[in-house]
Structures are given as C-alpha cells and as structure tokens.
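What follows is one structure encoded as structure tokens, with my remarks underneath.
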Amino acid sequence: MKRKLLIAVGVVVALLVIAGASIASAFAGLVPVPATAELGEGVTSVADGYVQAYIVPIGEGSAILIDCGQDPAGTAIKAQLAEKKLTVKAALITHGHADHTNGCAAFPGIEIASLENEKPVIEGLVAARGPVPKLLKNDPAKSPKVTRVLRDGDTLGFGEAVVQVFSMPGHTAGSAAYLTRGVLFVGDAASGVEGGTVRIAPWAFNDDGAQARESIEAMRKRLLDVKVRTVAFSHTGSLPSL
C-alpha cells in the first residue's frame, strides 16, 4: 500500500514538473514588458504586474482604457493618467480573465464594453473554459458589469478616436481585439516573440488553442488592407505586425 502511494505521488509530481516545464518554455523568448511605453498618437502602455493595460487619449482631457489591469486600486494606471492629465470615460475589455478586469473597480461609473459572449465571464456568472481559468472564476460581487455589448465588425466613436472591433476567439470564446489610432490591441489572443513572430498563450490558459491559432490567421487576412502601425499584447512588448 505504501509503495503504491509513493508511486502515485511520484507520478503526480512528475506530471506537475512536466506541466511546469511546458508552461515555462511557452513563456521563453517573449518580448519583454516595459514599465510604460509610448506607442504613438498618445497611446501609452502601463505595466500592472505581469499584465498591461493601455491608455488611449480621445481628446478634451479624456481617455479610454484597453483592459483595466489586475490591481483593484488601479495604482499604476492612475499614475499615468494623472501625469497626462486624463480622465477615463470607458474601458474596452479584451476578455474576462481577472488580470484584465480587476482594475475596473478603480474607475467607478465608466462605461465597460465587451463582446456579447464574453459578458458572463467578465461578470463572474460563468468561468472561462481553459484548464487554469476554469478554476479561477471571477467573483460576481467584485466583478465589473458590462454596460455596452459589442459585436464583431462594430465601429465605435469615442471623442476623437474611432475604434474597430474584431472577434478573436480561442483564448476565450469572446476574446476581442480593438484597432484605434494605428494600434491593434489583441489582449491574450497572441503574444509577441523576440524576432518578430507571435504565438498563442500557453495551452493551460486557453479555451481552445486550435481556434486561437485560426483567429490569428483570420485576423492577418482581415488586416491586409488596413493600416496597423503597432500590435499591442497584454503580456509582452509590442511588435510592428501580427
């Protein structure tokens, strides 16, 4: 009995080591995340721990956010907003994982927008389906409420900024990308790799890895006649193209 228990423990440890090594290798070679970076036309990245949010100016001292970061106090984002003398009017959420939505609590009263099928994940009504995210469902009592539902192909106006909405399912079913001011924000739908290529998030964090790859290829085709200066990712530095 003792021998069987030791074997079972050994198997579990081995599987954990293999899984850890797999995830570690998936993060190797990624473009480093800067503390903050200017992406042109006033767009600024803000590192919030291991994730980034983005500030997009829309004129008259106002801005929108692409994701809200993981800090419920929004400390890093608020510091950049204060430096630029900007007030947040809305947040466009790429997907519902908590490291992208927790920070919305720091900006009460703003408009929260997402694709329709991501709304339940953001609000904590259901969990995402990835092996890790499905264990970490958002707390409905602490989650933001989506006040504006978006659809693939929508064009939004925020002050001086025009935002195009794209569906990029795979990382989550309702993952979205947003294009504005020459920057394509793809959230966790892809990550930038040193050398100029991209790859999907580690398998344990995706709803459907195959679909995530298909979404990248589909987006490339949709962008053939669209001017994109920079592709901005949530967990890596930016690249000039997808």
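Readers should treat all values here as calculations from the given coordinates under stated rules, not as data from a laboratory. No experiment lies behind these values; they were computed from the predicted model shown. Glycine gets a Cβ as well: all are built from the backbone with ideal geometry, and neighbour counts include every protein chain shown.
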Inset, instruction - Would you check which residues across the stretch 35-80 are of a type in the set (Asp, Glu), surrounded by fewer than 17 Cβ atoms within 10 Å (Cβ to Cβ) and not in a loop (DSSP other than H, G, I, E, B) and list them? - result: Glu38
Legend entry - Count of residues meeting criterion [more than 16 Å from Pro169 (Cα to Cα) and out of contact with any Ser or Thr (no Cβ under 6 Å at 6 or more places or on another chain)] in the stretch 199-230: 7
Inset, instruction - Would you confirm whether any residue within the stretch 126-147 is in contact (Cβ under 8 Å) with a residue 60 or more places away in the chain, assigned to a loop (DSSP other than H, G, I, E, B), under 23 Å from Pro202 (Cβ atoms) and among the hydrophobic types (A, V, I, L, M, F, W, C)? - result: yes
Inset, instruction - Would you check which residues across the stretch 81-97 are crowded, with 20+ Cβ neighbours inside 10 Å and under 18 Å from Lys145 (Cβ atoms) and list them? - result: Val88, Ala90, Ala91, Leu92, Ile93, Thr94, His95, Gly96, His97
Inset, instruction - Identify the residue in the stretch 73-85 that is in contact with a helix residue (DSSP H, G or I) (Cβ under 8 Å, 6 or more places away or on another chain) and hydrophobic (A, V, I, L, M, F, W, C) and, among all such residues, is nearest to Cys104 (Cα to Cα). - result: Ala73
Legend entry - Number of positions in the stretch 90-119 that are farther than 19 Å from Ser45 by Cβ, touching a residue at least 24 places away in the same chain (Cβ under 8 Å) and not aliphatic (A, V, I, L, M): 7
